[in-house]
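Comments concern the structure below.
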Amino acid sequence: MKLNIRDKAPEFSLKDKDSKIHSLKDIKGDFIVLYFYPKDSTPGCTIEAQQFNKDLSNFKKFNTIIIGISGGDEKSKTKFCEKHNLKLLLLSDSDFKVSKEYGVYGEKSFMGRKFFGISRTTFILDKDHKIINIYNKVNPLAHSEEVLIFIKQKGAEY
């Protein structure tokens, strides 16, 4: 499935590191940043999570919720958060059902090897859970700042 700007974001219910279920319909904020990342504790994903974590207080100023989604189970999320002191909400999509609904799971290739996994993609949702921006193939180091700039601009419009 290919999602586009102005589409309603697909509903989901996923567990966090403490096995607490978070449903999109219950998440309230002026903006929601749903970032899909390939795998816990890999170099690029760690950098991306650390950057979002560092900028959490700036996102909160704009009533923005940051949610990271990837495969792996709750234990994997716990280890990732503890190892890197991450405070952001990371959710486990262990069967990749949500990733498939968002169109970010599919065939990838790395160093000539083909495999299936999550492509690093971010969806920005408004308070009505409509998609207002989509980032594909993001740079983990600069992405949080890029998203924050977009949110600041959008926040000024409201």
- Query: Semi-axes, largest first, in whole Å: what does sqrt of 5 times each Cα gyration tensor eigenvalue give for the stretch 1-88?
  - Reply: 21, 16, 14
- Largest first and to the nearest Å, give the Cα extent of the chain along each principal axis. 45, 34, 29
- Message: Given points 7 Å out from each Cα along the Cα-Cβ axis, report the ASP18 to ASP73 separation in nanometres with one decimal.
- Response: 2.0 nm
- Nearest-0.05 FRET efficiency for LYS127 and SER57, computed from C-beta distance (R0 22 Å): 0.65
- Net charge contributed by nearby residues that have their C-beta within less than 13 Å of TYR135 (K/R +1, D/E -1): -1
- How far apart, in nm, are two points set 7 Å out from the Cα along the Cα-to-Cβ line at LYS87 and at GLN153? 2.8 nm
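Read-outs: derived from the displayed coordinates by stated rules, not from any lab. As the structure is a prediction and not an experimental result, all values here were calculated from the model. Using ideal geometry, Cβ is built from the backbone for each residue, glycine included, and neighbour counts are taken over all protein chains shown.
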